[in-house]
1. In the set A88, A20, A36, which member is among the aliphatic types (A, V, I, L, M), closer than 25 Å to E101 by Cα and out of contact with any Pro (no Cβ under 8 Å at 6 or more places or on another chain)?
2. For the subset of the range 69-102 comprising residues that are without any contact (Cβ under 8 Å) to a residue 24 or more places away in the chain and charged (D, E, K, R), which member is nearest to V14 (Cα to Cα)?
3. Considering (1) surrounded by 16 or more Cβ atoms within 10 Å (Cβ to Cβ); (2) over 17 Å from L96 (Cβ atoms); (3) touching a residue at least 60 places away in the same chain (Cβ under 8 Å), say which one M1 fails and leave the rest.
4. Got a number for residues in the range 69-97 being under 23 Å from T32 (Cβ atoms), of a type outside the set (S, T, Y) and either in a strand (DSSP E or B) or touching a His at 6+ places or on another chain (Cβ under 6 Å) (or both)?
5. How about the range 33-68: which of its residues are touching a residue at least 40 places away in the same chain (Cβ under 8 Å), out of contact with any Ser or Thr (no Cβ under 6 Å at 6 or more places or on another chain) and assigned to a strand (DSSP E or B)?
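Readers should treat all values here as calculations from the given coordinates under stated rules, not as data from a laboratory. Computed from a prediction, not measured in an experiment: that's the story for all the values here. For neighbour counting, all protein chains shown are included, and Cβ atoms are generated from backbone atoms with ideal geometry for every residue, glycine included.
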Amino acid sequence: MIRHIVLTKFRPDVTEETVAQIYSGLAKVAETLPGAKGFTGGRSQSPEQIERGYMHGFVIDFDDWDALATYQANEDHKACGAQLVANAVGGIDGILVLDLEV
C-alpha cells in the first residue's frame with residue numbers, strides 16, 4: 001500500500017471554507033478511482049505545535065504505485081492540485097508531498 005501525504009502552508013487570507021472545498025474535491029476524486037481509499041484531511045490540532053506553518057494536510061491510501069499514478073494523471077486531481085498551488089504560500093513551495101510504501 002502507498003500512503004500519499006500532502007502538507008500545505010496556506011496563505012493567511014485563505015479561509016477554512018476554501019480549504020474544505022479543495023479537500024472535498026480531492027476526496028471526491030479519491031472516491032471515484034479504483035485503488036484509492038481513505039481520504040482524511042484537515043487542520044492540524046497537534047499539541048506539539050511544530051507545524052512550521054504547514055497547518056493543513058491530507059492523506060490518501062493507494063493499493064499500489066499504479067493506482068497512485070492513475071490519481072496523479074486524473075484531470076480532476078490536477079484541477080484540485082492547481083487550487084492547492086494557487087492558495088499556498090509561495091505556490092508550490094508551500095506544499096510538501098511524501099509517498100510512503102506501508
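1. Details: A88 fails: closer than 25 Å to E101 by Cα; A20 fails: closer than 25 Å to E101 by Cα.
After ruling out the rest, the residue left standing is A36.
2. D93
3. Failed condition: (1).
4. Selection size over the range 69-97: 2.
5. Scanning the range 33-68 gives G57, F58, I60, D61, F62.
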